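Asks: Could you have a look at this structure, given as structure tokens, before my questions?
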């Protein structure tokens, strides 16, 4: 599957058309979706029409920029006018969006082609994509395993070549986790940068919208289009020589699968070899991250779902309903304590970044878990899958710092690992420069396409 | 600061909250919430024990200390 960059070059060289590439994606969907369950809705007719229009516009000299004619998929939390936004839940039966979410409108203006809406963990409230009224999405690299979540169908759609990029949402790691599990790139921009209007919320305190793509540059192109600035000049890669990276070892490296740890250390060594300065930092309140996250996300979600939990509780999948019910018992005083903890964590991450270009840590402590597993063995301990999967990503939803997951090699059994980079608040473009630098100069041994089905 | 979660009174308060929450869940026909609420109680204890919490006593002590010559 070609990248968006390559697509753009070949499109403008008249070697391909949007209609041809869109048709390729639709054929992949038809062939592989029964196995992967990545899509809830395939918008084949609409996509073909959009692609033909894109080709006509380009032929007439109207070039809308890097997203012109690019087939993308969209997590089924975003409103696309005239289609249902199901949130993978029966609670949303009968919903039809009256207008595009602003992010969708921006992509439409930028000439993107929407091939369909992707499967997710119900209401984005989970990390495995198992609790969906449409059934679980599956990992293209091993369909017995989860693609991660909650944007699991989105990640699977790109990893399987069903779309060149996709839109996800992220409340505790739901862009970076599936990106790491499926071997692609996932970008969570700085909090509040990308509009979440027209997207079904989980926690308005933590929700972010952002892209998953095959490369950091592709993620950058989609990110700028989401901002309504598709024509922005992409940032230049930051030279790795002299790059200052900080590793928050305590807590973040305490609980890692052996192979994930090995890939991470190898990545750090590659970065050092090409001149990066890698030092350790400590976040004093790291031990409170999970508790602070849980109290806020539970209460926020319970508030949004209060009415439907009362009137139609049986329309939720059982695990998601129970998690939402749990949020109704969070006391206001504990919620406020957690908000105070959020401020402390934000200051600590700001301080850790003060002398560094980025934090660097693994994205997922484990490779993609088997579908149906509720616990996972990590080293000598057995841990709940959900807790482990959120462990390294949720902090940056709490604090709002931009974060990106890059592919970082594979386990012996071919499952991808992810490398997470975290930048300063409000400086997503600087983080992208770091990511472009690392991807280009340091991660060349771990092509995002290695081992991909249909890649 | 730093002693709030160690106070037996506060820990008892979490116990009382948990008992009440479990009873309410059972009354509503959701007994399967019990283990989740027990886990939530541990989470609450972590946040209440954190040293970023403030109290009038801790603030006063801190303020008083700052006024010492």
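The values are calculated or read from the model by the stated rules, or taken from the named source; none is laboratory data. From a predicted model like this one, the values you see are computed outputs, not experimental measurements. Note that we place each Cβ from the backbone using ideal geometry, even for glycine, and neighbour counts take in every protein chain shown.
Asks: In this structure, is residue A:365 touching a helix residue (DSSP H, G or I) at 6+ places or on another chain (Cβ under 9 Å), within 14 Å of another protein chain (Cβ to nearest Cβ) and within 21 Å of residue A:291 (Cβ to Cβ)?
Replies: On the way: touching a helix residue (DSSP H, G or I) at 6+ places or on another chain (Cβ under 9 Å): yes; within 14 Å of another protein chain (Cβ to nearest Cβ): no; within 21 Å of residue A:291 (Cβ to Cβ): yes.
Against the criterion (touching a helix residue (DSSP H, G or I) at 6+ places or on another chain (Cβ under 9 Å), within 14 Å of another protein chain (Cβ to nearest Cβ) and within 21 Å of residue A:291 (Cβ to Cβ)), residue A:365 does not qualify.
Asks: Something else about it: Please give the helices (runs of 4 or more DSSP H) falling wholly within the range A:98-199 in which 3 or more residues are touching a helix residue (DSSP H, G or I) at 6+ places or on another chain (Cβ under 6 Å) and crowded, with 24+ Cβ neighbours inside 10 Å.
Replies: Passing ranges, in order: A:152-159, A:176-182.
Asks: Going through the range A:332-346 one residue at a time, which ones are more than 10 Å from chain B (Cβ to nearest Cβ) and closer than 30 Å to residue A:239 by Cα?
Replies: Correct list: A:346 only.
Asks: Another one. Residue A:290 - would you say it is within 14 Å of another protein chain (Cβ to nearest Cβ), under 25 Å from the mean Cα position of the chain (by Cα) and within 22 Å of residue B:41 (Cα to Cα)? Spell out the reasoning first.
Replies: Values: within 14 Å of another protein chain (Cβ to nearest Cβ): yes; under 25 Å from the mean Cα position of the chain (by Cα): yes; within 22 Å of residue B:41 (Cα to Cα): yes.
Criteria met by residue A:290.
Asks: Within the range B:28-41, work out how many residues are closer than 19 Å to residue A:335 by Cβ and at the interface with chain A (Cβ under 8 Å from one of its Cβ atoms).
Replies: Selection size over the range B:28-41: 4.
Asks: Kindly provide the set of residues from the range A:263-287 that are in contact with a strand residue (DSSP E or B) (Cβ under 8 Å, 6 or more places away or on another chain) and either within 29 Å of residue B:46 (Cα to Cα) or exposed (fewer than 14 other Cβ atoms within 10 Å of the Cβ) (or both), ordered by number. So that I can check it myself, show each step before the final result.
Replies: Within the range A:263-287, the first condition is being in contact with a strand residue (DSSP E or B) (Cβ under 8 Å, 6 or more places away or on another chain), and the residues that meet it are A:263-264, A:266-268, A:271-272, A:276-283, A:286.
Those that are in contact with a strand residue (DSSP E or B) (Cβ under 8 Å, 6 or more places away or on another chain) and either within 29 Å of residue B:46 (Cα to Cα) or exposed (fewer than 14 other Cβ atoms within 10 Å of the Cβ) (or both): A:279, A:280, A:281, A:282, A:283, A:286.
Asks: Still on this model: Test residue A:360 against the criterion of being within 25 Å of residue A:127 (Cα to Cα) and at the interface with chain B (Cβ under 8 Å from one of its Cβ atoms), and give yes or no. Step through it out loud before you land on a result.
Replies: Numbers: within 25 Å of residue A:127 (Cα to Cα): yes; at the interface with chain B (Cβ under 8 Å from one of its Cβ atoms): no.
Against the criterion (within 25 Å of residue A:127 (Cα to Cα) and at the interface with chain B (Cβ under 8 Å from one of its Cβ atoms)), residue A:360 does not qualify.
Asks: Would you check if there is a residue in the range A:75-82 being under 11 Å from residue A:113 (Cβ atoms) and not in a strand (DSSP E or B)? Give the steps one after another, and end with the answer.
Replies: Going residue by residue through the range A:75-82, those that are under 11 Å from residue A:113 (Cβ atoms) are none.
Within the range A:75-82, not a single residue is under 11 Å from residue A:113 (Cβ atoms) and not in a strand (DSSP E or B).
Asks: Scanning the range A:311-331 for residues that are part of a helix (DSSP H, G or I), surrounded by fewer than 23 Cβ atoms within 10 Å (Cβ to Cβ) and away from every other protein chain (no Cβ under 11 Å), which turns out farthest from the chain's Cα centre (by Cα)?
Replies: Only one residue tops the list, namely A:311.
Asks: Is it the case that residue A:31 is at negative phi, in a helix (DSSP H, G or I) and out of contact with any helix residue (DSSP H, G or I) (no Cβ under 6 Å at 6 or more places or on another chain)?
Replies: Values: at negative phi: yes; in a helix (DSSP H, G or I): yes; out of contact with any helix residue (DSSP H, G or I) (no Cβ under 6 Å at 6 or more places or on another chain): yes.
For residue A:31, the condition - at negative phi, in a helix (DSSP H, G or I) and out of contact with any helix residue (DSSP H, G or I) (no Cβ under 6 Å at 6 or more places or on another chain) - is met.
Asks: Residues that are buried (at least 24 other Cβ atoms within 10 Å of the Cβ) and closer than 20 Å to residue A:130 by Cα: does the range A:50-73 have at least one?
Replies: yes
Asks: Using the structure shown, decide if residue A:205 is outside the structural domain of residue A:393 (by TED's automatic domain parsing), in contact with a strand residue (DSSP E or B) (Cβ under 8 Å, 6 or more places away or on another chain) and assigned to a loop (DSSP other than H, G, I, E, B).
Replies: No.
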